[in-house]
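Following: one structure in structure tokens, then a few remarks.
The values are calculated or read from the model by the stated rules, or taken from the named source; none is laboratory data. Everything numeric here is computed off the predicted structure, so don't read it as measured data. When we count neighbours, we look across all protein chains shown, and the Cβ atoms used for this are built from the backbone with ideal geometry, even at glycine. Heavy atoms of the whole protein, side chains included, go into the accessibility calculation; ligands, DNA and RNA do not. Shrake-Rupley method; radii C 1.70, N 1.55, O 1.52, S 1.80 Å.
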Amino acid sequence: MKKAIRTENTPVVSHPVTSLRGVAAVPGDKSVSHRALMLSAIAEGETVVTGLLEGEDVLHTADAMRAMGAKIEKKDDTWHIRGAAALQQPAGELYLGNSGTSARLLAGLVAGFPLTAVFTGDASLSKRPMKRVTVPLTQMGAKFEGDKLPMKVIGGNLKAITYTLPVASAQVKSAVLLAGLNAAGETVVIEPQPTRDHTEKMLRQFGVEIAVDGAEIRLQGGQKLKSPAMLHVPADPSAAAFPVVAALITQDSDIIVPNVMMNPRRDGLYTTLLEMGADIAFENRRGASGEEVADIRVRSSELKGVTVPPERAPSMIDEFPILAIAAAFAEGETVMTGLGELRVKESDRLAAVADMLAGAGVTVEAGEESLRVTGGQPKGGCTVATHLDHRIAMSALVLGMAAAEPVFIDSAGMIATSFPDFTGLMNGLGAEIGA
Ligand code: S3P
């Protein structure tokens, strides 16, 4: 499989600006986009998907599904996917770039078919733990060589298990459920804390019976997926987080982010920002393809530090880097706990955030699983090491918009994994991000 063409080392600077104004149409949700491609690719019939995120991570999932027999084409702004019912043996390795969601979910999906696939990834993905999926999938009967990428998956002949997740992870939950589709018997997953439920919701849209009773999710093996014909991917609340925080911390800002998914298992950042005193309104709430969406209006705000309860972490797991930026501009201390999972994201995000803030002159204390940020007026005037992590890169650029001095990042290339037009969109609102 061809590797994505991307300029890895493109240093970029974000200058302080006085105002952000306008409409920020952020791309489709990354989690929903991956699942839309994977489920359509094993369903009977053709699925037309609108709003798909065309970020590198999702395009790697599309390439992998093509390599295993699905027909996937883009026509104008819509994606057309014709399923392969049974996935086929891929001819070469499946290169998954930076995408943990592709690797974890595909491990589960592929495990259910009698084929062998080798997953490879970039330097960041190759360091990330895969044991969290190989342990339950091995119990189901799949075989693996390697517990980091490159990793060989040998699938087929699975039996259902009951599995209590040792960590709150939607990726692990989804891997077991996707394997359960082709396992003999009833697969049961028990979650320690609620995590994003896009797999469960979308499986239902494909006609799969899945029972959710509190923390327990049950799925009978052998069910066939039927295309719902159309799927719409709403805008990504995790991508919206960047312009939202940018508007809050810059002076004289007033923006709208339209059509953002309001899933209650993804809204922890918004709850926290409201507690901090943010001027955010959720307008025109409406339903779209099984999810609620809203247009988010955000105006510059005087923020106050808060303590974020640890049980909220799964609903904002990708948003701690940008919350830390908001906290750096708030009055008083913000305390975040229950952050152990941040250490195994695209980078060690806890360390990366602490280094970024300290470099910008912010008082920050990092514990093994916690972060304490003392707000004020960050100085900036630093270069942030992004460690191939898109969310660290975007957070640093937002920091530069409101800091006293510009903020540089070592590389902006990986922003394309989740938010390809981030710079164009932010500059359209009034940001000054450039080479
Ligand atoms: C995701 C789940 C989360 C999140 C990731 C996307 C998903 O990971 O961080 O960006 O689509 O299921 P974990 O399951 O590892 O928490």
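Some observations on this one:
- For region 319-414, applying the loop criterion from DSSP together with a ceiling of 15 other beta carbons within 10 Å to the trypsin sites (Lys or Arg not before Pro) yields Lys379.
- Glu311 contributes about 130 Å² of solvent-accessible surface, heavy atoms of the protein only, 1.4 Å probe.
- Projected over all directions and averaged, the alpha-carbon convex hull of the chain occupies 17.8 nm².
- Our analysis of region 204-354 gives Rg over Rh at 1.03, with the two radii drawn from alpha carbon positions and Rh computed by the Kirkwood formula.
- DSSP-defined antiparallel bridges as percent of all bridges, region 30-231, nearest 5: 70 percent
- In this rough spin-label picture, where each label sits 7 Å from Cα along the Cβ direction, the Asn284-Gln223 distance is 3.4 nm.
- For the chain, accessible area per residue (1.4 Å probe, heavy atoms of protein chains only), Å²: 36 Å²
- For the chain, averaging the sequence separation of C-alpha pairs within contact (under 8 Å, six or more residues apart) and dividing by the residue count gives a relative contact order of 20 percent.
- Restricting region 199-235 to trypsin sites (Lys or Arg not before Pro) that sit in a DSSP loop and have at most 15 other Cβ atoms within 10 Å of their own Cβ leaves Lys224.
- Here the average projected area of the convex hull drawn through the C-alpha atoms of region 293-435 stands at 8.5 nm².
- The modelled label-to-label distance between Glu216 and Lys379, using points 7 Å beyond Cα along the C-beta direction, is 5.8 nm.
- Each DSSP beta bridge with both residues in the chain is either parallel or antiparallel, and the antiparallel ones are about 70%.
- Computed over region 29-136, Cα set: Rg, Dmax in Å: 13.2, 42
- Estimated FRET transfer efficiency (Val344, Asp252; beta-carbon r; R0 30 Å; 0.05): 0.15
- Distance between the 7 Å Cα→Cβ label points at Asn427 and Ala86: 5.1 nm.
- Comparing Cα centroids, region 333-353 and region 43-122 end up 30 angstrom apart.
- Range of Cα positions in region 30-231 per principal axis (Å), largest first: 43, 36, 29
- Loop-located GluC sites (Glu not before Pro) across region 156-214 with a Cβ neighbour count of 15 or fewer within 10 Å are Glu209, with loop assigned by DSSP.
- Amide H partners (placed H, <5 Å) of Thr307, local residues excluded: Val335
- For Leu158, the residues whose amide H sits under 5 Å from its own are Ala184, ignoring neighbours fewer than 5 places away on the same chain, with H placed 1.01 Å from N.
- Accessible surface of the chain, 1.4 Å probe, proportion on carbon and sulfur as whole %: 51 percent
- Within the shell defined by Cβ-Cβ distances under 14 Å, the residues around Arg82 carry a net charge of +2, with Lys and Arg each +1 and Asp and Glu each -1.
- Angle between the chain longest axis and helix 56-67 axis [Cα atoms, degrees, rounded to 10]: 10 degrees
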